[in-house]
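Chemist: Quick one: the structure is below, and I'll ask about it shortly.
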Amino acid sequence: MLTDAAEMLKKAYEGKYAIGQFNINNLEWTKAILEVAQEKKSAVILGVSEGAARYMGGFNAVKKMVEGLDQDLNITVPVAVHLDHGTYEGAKKAIDAGFTSIMFDGSSLPIDENIEKTKEIIEICHSKGISVEAEVGGIGGEEDGVISAGELADPKECKEVASLGVDFLAAGIGNIHGVYPKDWKGLSFDRLSEIRAEIGDIPMVLHGGTGIPEDQVKKAIEKGVSKININTECQIVFTEATRKYFEEGKDKVAKGFDPRKVLKPGFEAIKDKVREKMEFFGCINSAE
Ligand code: 13P
């Protein structure tokens, strides 16, 4: 059931669990995540970066694919189709294509411009029932060619952006996209508490969910993180499972070259990863 993400995250915030945002790349990814969400009776957010949308043909293709799968697979749990790290122009295109949730990432802009543009996107989105995520303080690592140094967000800036009426807020607390370096210092729970003290009861978003140890994930959820983004981990398990298929020569046996067979192990690996993450996040059965 396609919906915006505001209500599901409000519920998660109140119930002290988190909803997963799993980024999608194609039909297999989307189907795997939707099937697990239904099986585990949890709401889910499908994250779509502008690069991934381009790869799949465009925002309209993505929206219609998700809508079609949602209908054909009889998905009854809430599903949001969410623009991940949208630019101002990208956000407008995704809104026009019918995305149900938008992240406007103005974290690389001067704060005044971030505030002005976030405000405009919120106005457009809220008039259409679309939820909005904004970001303060870059998330480290590289995503779609955008590199951020990985900041600890300024709590006062978080307050300013949160008070514009965003539905959920992403703020840098030492998290990084991609695989964490060996000398990573971990999440800054002090900064998380300082931000929380400024923004009141707005659900927070943790980007760079790949590889954050379970105890840190749980602590973050306790402190009001209600949405956790996972991308790289699904890519890694998909590729590992696919590599194994070829290494075992399965493509050479009978009709093993059939793409539906080739993509199956990766598809199953994504499903297992999403199940594992949902356990961590505490969202299982939350949509019952
Ligand atoms: P990872 O790729 O580190 O899981 O981060 C995903 C993310 O934050 C998407 O916005």
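Chemist: Give the calculated FRET efficiency between Arg260 and Glu288 to the nearest 0.05, with a Förster radius of 35 Å applied to their Cβ-Cβ distance.
Modeler: Taking R0 as 35 Å, the efficiency between Arg260 and Glu288 is 0.60.
Chemist: Between Phe59, Phe168, Phe246, which gets the highest mean-square fluctuation from a Gaussian network model of the chain, Cα cutoff 10 Å?
Modeler: Ranking Phe59, Phe168, Phe246 by mean-square fluctuation puts Phe246 first.
Chemist: Add +1 for every Lys or Arg and -1 for every Asp or Glu among the other residues with Cβ under 13 Å from the Cβ of Lys92, and state the total.
Modeler: Charge balance in the 13 Å sphere: -2.
Chemist: Compute the accessible area per residue over segment 1-116, keeping the other protein chains in place, probe 1.4 Å, unit Å².
Modeler: Dividing the accessible area of segment 1-116 by its residue count gives 39 Å².
Chemist: Suppose a student asked you for the relative contact order of the chain, using Cα pairs under 8 Å spaced at least 6 residues apart; what percent would you report?
Modeler: RCO, the chain: 22 percent.
Chemist: For the chain, with a Gaussian network of springs between Cα atoms less than 10 Å apart, report the residue from Ile45, Ile111, Ile95 with the top mean-square fluctuation.
Modeler: Looking only at Ile45, Ile111, Ile95, the biggest GNM fluctuation is shown by Ile111.
Chemist: Using a 1.4 Å probe on the protein chains only, how many percent of the accessible area of the chain belongs to carbon and sulfur?
Modeler: 51 percent
Chemist: Between Arg275, Arg243, Arg191, find the one with the highest GNM mean-square fluctuation for the chain; connect C-alpha pairs within less than 10 Å.
Modeler: Result: Arg243 has the largest fluctuation of those listed.
The values are calculated or read from the model by the stated rules, or taken from the named source; none is laboratory data. Quick caveat, the model's predicted, so the values are computed rather than measured. Glycine also receives a Cβ, built like all others from the backbone with ideal geometry; neighbour counts cover every protein chain displayed. Each accessible area value is taken on the protein alone, full model and side chains, heavy atoms only, with ligands, DNA and RNA left out. Shrake-Rupley method; radii C 1.70, N 1.55, O 1.52, S 1.80 Å.
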